[in-house]
Amino acid sequence: MPFSDLRQRLSGWRVALATLVAAFTFAAPAAGAVKVITSTEDLAAIVGEVGGDRVDVESLARGYQDPHLVEPKPSFILKLHSADLLVVVGRELEVGWLPRLVQQSRNSRIQPGGSGYLDASLNARILDIPTGEVSRAMGDVHPLGNPHYWLDPDNGRRIAQAVRDRLSQISPGDAQEFARRYADFDRRLAEAEKRWDGLMAPYRGVEIVTYHRSWSNLAERFGLKVIGYVEPKPGIPPSPAHTLALTQEMKQRGVRLIIVEPYFDVRTPNSIARASGARVLVLTPSVGGVKEAGTYIALFDYNLRLLASALQPAGAR
Ligand SMILES: [Zn+2]
């Protein structure tokens with residue numbers, strides 16, 4: 001298509017969008033629930049725990065998507081336009097798709113630094129913070145530390161605290177209800193952690209390999225040691241030399257498990273597994289990635305059950 005046609009099409013699209021935004025603004029309910037948009041389903045699940053029916057929460061990304069690589073859609077701009085609060089994972093997880101949409105939303109509340117912008121990473125414990133000079137030009141998509149921090153239940157708790165505090169500022173009349181719901185979530189999470197600790201206790205110190213650096217927090221919390229990654233660097237696809245070195249390392253150390261996120265090609269992990277005598281286990285890093293992982297607590301129940309069963313000695317299965 002010639003460039004001028006493309007430009008015409010784009011400008012037509014902008015007009016249509018402006019009309020839609022105007023219509024949506026007019027139709028948006030004035031009172032009632034706080035309208036919250038989150039970048040991921042994990043954050044939406046936690047907002048739902050704390051907010052209950054006092055919030056109307058929706059995630060832009062779906063749990064089965066790679067959160068680094070979400071396809072931006074015009075509908076996202078509409079959702080952002082009318083949001084009272086935007087909660088993001090931060091640490092540049094969404095840098096490839098979200099900042100432009102936030103800008104285009106023409107919603108001053110949810111711009112970074114605004115009263116309706118919450119970067120959940122600011123209240124979380126972050127691993128893998130680089131010490132040397134880091135540049136995205138080198139391809140590393142984790143330049144500000146590991147953005148997959150929600151996979152430690154204590155970080156889920158910290159995210160919930162930040163959400164409780166911010167929702168209470170936005171809707172002070174509901175602050176008591178948010179505090180009550182947070183306390184209930186905290187109690188259920190603590191109960192679940194006892195269950196998970198029991199399940200994972202036999203596997204403390206076990207060495208594993210993962211595809212992407214998604215599982216640092218989960219592994220640390222439950223005592224697993226990640227000794228290598230299928231990706232040479234976060235965001236860089238596997239290379240033959242790296243694959244060979246990783247396979248040798250795994251053979252030498254007797255590593256039996258490779259964890260793969262559902263959105264990566266399993267061919268390389270499968271061939272590493274064949275050559276090293278390990279097995280591949282697909283786990284879901286996000287709420288909604290599979291139907292069994294429909295809540296934040298269910299996400300851990302689902303993954304840890306699969307993990308414990310894969311780590312069980314062959315005779316005990
Ligand atoms: Zn990542």
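The values are calculated or read from the model by the stated rules, or taken from the named source; none is laboratory data. These numbers were taken from a predicted model, which means no experiment stands behind them. Heads up, the Cβs are rebuilt from the backbone with ideal geometry, glycines too, and the neighbour counts pull from every protein chain shown. The area values use the complete protein model at the heavy-atom level, side chains included, leaving out ligands, DNA and RNA. Shrake-Rupley method; radii C 1.70, N 1.55, O 1.52, S 1.80 Å.
Just a few scattered comments:
- Prolate/oblate/rounded label for segment 259-317 (Cα gyration tensor, a/c 1.5): oblate
- Highest average first, the peptides 36-49, 231-244, 251-264 ordered by how many other beta carbon atoms sit within 10 Å of their residues are 36-49, 251-264, 231-244.
- Calculated diffusion of segment 129-195, Stokes-Einstein form, Kirkwood radius summed over Cα pairs, 20 °C and 1.002 mPa s, µm²/s: 150
- Between segment 176-229 and segment 110-169, the C-alpha centres lie 17 angstrom from each other.
- Highest-MSF residue in the chain out of N107, N217, N146 [GNM, Cα springs under 10 Å]: N107
- Listed residues L283, L224, L69, most fluctuating in the chain (Gaussian network, C-alpha, under 10 Å): L69
- Residues whose amide H lies under 5 Å from that of V55, counting only those 5 or more places away or on a different chain, are V34; hydrogens are built 1.01 Å from N in the peptide plane.
- Set K73/K225; K225/K291; K35/K73 screened for pairs whose C-alpha atoms are more than 30 Å apart: K73/K225
- The fraction of accessible area contributed by carbon and sulfur in the chain is 54 percent, rounded to a whole number (1.4 Å probe; ligands and nucleic acids excluded).
- Gyration tensor (alpha-carbon) shape descriptor, segment 100-222, a/c threshold 1.5: oblate
- Note that the chain presents 48 Å² accessible area per residue, ligands and nucleic acids not counted, probe 1.4 Å.
- Percent antiparallel among DSSP beta bridges (both partners in the chain, rounded to 5): 5
- Simple spin-label estimate for S239 and A190 in nanometres, 7 Å along Cα-Cβ: 4.9
- For the chain, with +1 on Lys and Arg beta carbons and -1 on Asp and Glu, the positive-most of V141, A241, G96 along the dipole: A241
- Label positions at T131 and Q252, each projected 7 Å from the Cα along the C-beta direction, are separated by 2.2 nm.
- At least 18 Å along the helix axis (C-alpha) and Kyte average at least 1.0, DSSP helices within the chain: 296-311
- Note on segment 253-306 and segment 31-98: Cα centroid distance 25 Å, given to the nearest whole angstrom.
- Amide H to amide H, with H built 1.01 Å from N, A293 comes under 5 Å of G288, counting only residues 5 or more places away or on other chains.
- Calculated P(r) of the chain - Cα pairs past 23 Å, %: 61
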